[in-house]
Amino acid sequence: MGERLTPELRFLGFKGEWERQRFGDTGEFYNGLSGKDRSSFIDGNKKYIQYLNIFANTLIDTDFTEYGHVSIDEGENQNRVEYGDILFTQSSETMDEVGMTSVYIGDEEEVYLNSFSFGYRFSKAGQFDPRYMGFMLRSNNIRKKIMREGQGSTRFNLSPNRIKGIIFFAPSLGEQRKIGKFFCRIDERLELQQNRIDTLKEYRKGMMQGIFSQGIRFKDDDGIDYPDWQEKRLGDIAKNSDTRYRDDSSFDELLSVTLNNGVKKQSEIGEVDSSSRDKSNYKVVAKNDIVYNTMRMWQGASGVSEYDGIVSSAYVVLKLAEGIDPEFIGYYFKMPQIIYKFFRGSQGMTSDTLTLKYNLFKDIVIDIPSLPEQNKIVDFLPSLDKRIELEERKLEEFNLIKKELMRRMFI
């Protein structure tokens, strides 16, 4: 079967085969900064494009502001980056991240390239649209070709000589521009969606901080203020549950506490059951129990269980007292000021050894509102969480659409 010379999906009005090109024939490579030590990057007088800037940006345009700064003496021989140059990262710890690319379309008069990347400049100006090249180089087929050229075992490296032989395909300049502008509009839409999510998260963060610091107070349905929050020892509102698993128990779902997502079934997060057949030492967890990791509670490793199940004896299982809403506690235990209390209450010489056993946990004091106000807070916060989840799903769908379009619109 011959080489395919047209994409699956194409704009109307464009016909004919795309031209086969080879990097070794269309331009020249150049190195990034050389001869620089750490002092060169303190109070530098010139801008340079950093490694992660290339990794994170398909295009580096006029809106880009995250330049590093390096000291360059007058007359010093260093390669400058010019409009339309392709920038390649040189090494990576994983094969699928080697040789990431970005195309420079900024307007800086003098900008340089970091020492761990190299640049490529086309010999003939205007032959290739830079936006087209930016997205084409991120397409699946070209990424596979670049990854195959990475060399190494523990760290993968890429040299310009390995890129020279890579074949790419390009249509007429008019079609290139059409494709480049199209994907730029898609990226603008993705950026707007990400900004919407970031704004919602900031709003949620501000509301939670206000609520749990008591700067924002709810009123009851009649507009009357709720009572002041009361100081409580955690031992008075949450009792240690030490019920152990029995073979005839229906509580046999293995659970884990994740740092960011609370209590999850091990089967849902891809964890392998490494426990022995004998689970008699495992603790029983009931729905609405609070579970926390004694060694990571100072980082916020706790959650409300939505399941009946069992956890390792390394966890603490808490039964909440009457008048305490588990969802409220779930949110409260994630607040920075409460996590700091857990940090202060933990024992250990270093972060690796910090633990918060129940005998230490129970003496920590926090402020607790009345149950009706707890319920009001719990009714409000999930609505924000659901809105964020909805917008994140939209972003995921947009990214899948972009991925499919890139697969079908490039060769």
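Brief remarks follow.
- Residues of the stretch 1-41 that are under 20 Å from residue 79 (Cα atoms) and among the β-branched types (Val, Ile, Thr): 26 alone.
- Restricting 24, 32 to those that are at pLDDT 95 or above and in contact with a strand residue (DSSP E or B) (Cβ under 9 Å, 6 or more places away or on another chain) reduces the list to 32.
- The stretch 318-411 holds helices (runs of 4 or more DSSP H) entirely within its bounds, and those carrying 3 or more residues that are under 30 Å from residue 188 (Cβ atoms) map to 371-409.
- Within the stretch 160-179, the set of residues being in contact (Cβ under 8 Å) with a residue 60 or more places away in the chain and either surrounded by fewer than 17 Cβ atoms within 10 Å (Cβ to Cβ) or closer than 20 Å to residue 88 by Cα (or both) comprises 160, 163, 164, 165, 166, 167, 168, 169, 170, 172, 174.
- Unmet criterion (only one of (1) farther than 17 Å from residue 142 by Cβ; (2) assigned to a helix (DSSP H, G or I)) for residue 55: (1)
- Residue check for residue 232: within 21 Å of residue 339 (Cβ to Cβ) and at pLDDT 95 or above: yes
- Residue match in the stretch 233-245 (condition: farther than 30 Å from residue 286 by Cβ and not in a strand (DSSP E or B)): no
- Those residues of the stretch 201-216 which are within 14 Å of residue 380 (Cα to Cα) and either surrounded by 15 or more Cβ atoms within 10 Å (Cβ to Cβ) or free of Cβ contacts under 8 Å to residues at least 40 places away in the same chain (or both), in sequence order: 204, 205, 206, 207, 208, 210, 211, 212, 216
- Residue match in the stretch 312-328 (condition: over 27 Å from residue 251 (Cα atoms) and of a type in the set (Lys, Arg)): no
- Flag for residue 122 being within 22 Å of residue 40 (Cβ to Cβ) and of a type outside the set (A, V, I, L, M): no
- Residue list for the stretch 42-63, restricted to those being hydrophobic (A, V, I, L, M, F, W, C) and touching a Phe, Trp or Tyr at 6+ places or on another chain (Cβ under 9 Å): 49, 54, 59, 60
- Residue match in the stretch 394-408 (condition: among the aromatic types (Phe, Trp, Tyr) and over 30 Å from residue 8 (Cβ atoms)): no
- Some residue of the stretch 330-338 being more than 18 Å from residue 241 (Cβ to Cβ), of a type in the set (A, V, I, L, M, F, W, C) and assigned by TED's automatic domain parsing to the domain that holds residue 207: no
- Within the stretch 80-95, restricting attention to residues that are over 14 Å from residue 135 (Cα atoms) and charged (D, E, K, R), the residue that is surrounded by the most Cβ atoms within 10 Å (Cβ to Cβ) is 80.
- Residue in the stretch 128-142 that is part of a helix (DSSP H, G or I), aliphatic (A, V, I, L, M), under 26 Å from the mean Cα position of the chain (by Cα) and under 30 Å from residue 381 (Cα atoms) present: no
- Which listed residue, of 363, 385, is over 26 Å from the mean Cα position of the chain (by Cα), surrounded by fewer than 15 Cβ atoms within 10 Å (Cβ to Cβ) and under 19 Å from residue 330 (Cα atoms): 363
- Identity of the residue in the stretch 222-242, surrounded by 10 or more Cβ atoms within 10 Å (Cβ to Cβ) and free of Cβ contacts under 8 Å to residues at least 40 places away in the same chain, that ends up nearest to residue 316 (Cα to Cα): 228
- Scanning the stretch 98-144 for residues that are charged (D, E, K, R) and closer than 22 Å to residue 67 by Cβ returns 107, 108, 109, 110, 121, 131, 138.
The values are calculated or read from the model by the stated rules, or taken from the named source; none is laboratory data. These figures come from a predicted structure and were not determined experimentally. Note: ideal-geometry Cβ built from the backbone for every residue, glycine included; neighbour counts use all protein chains shown.
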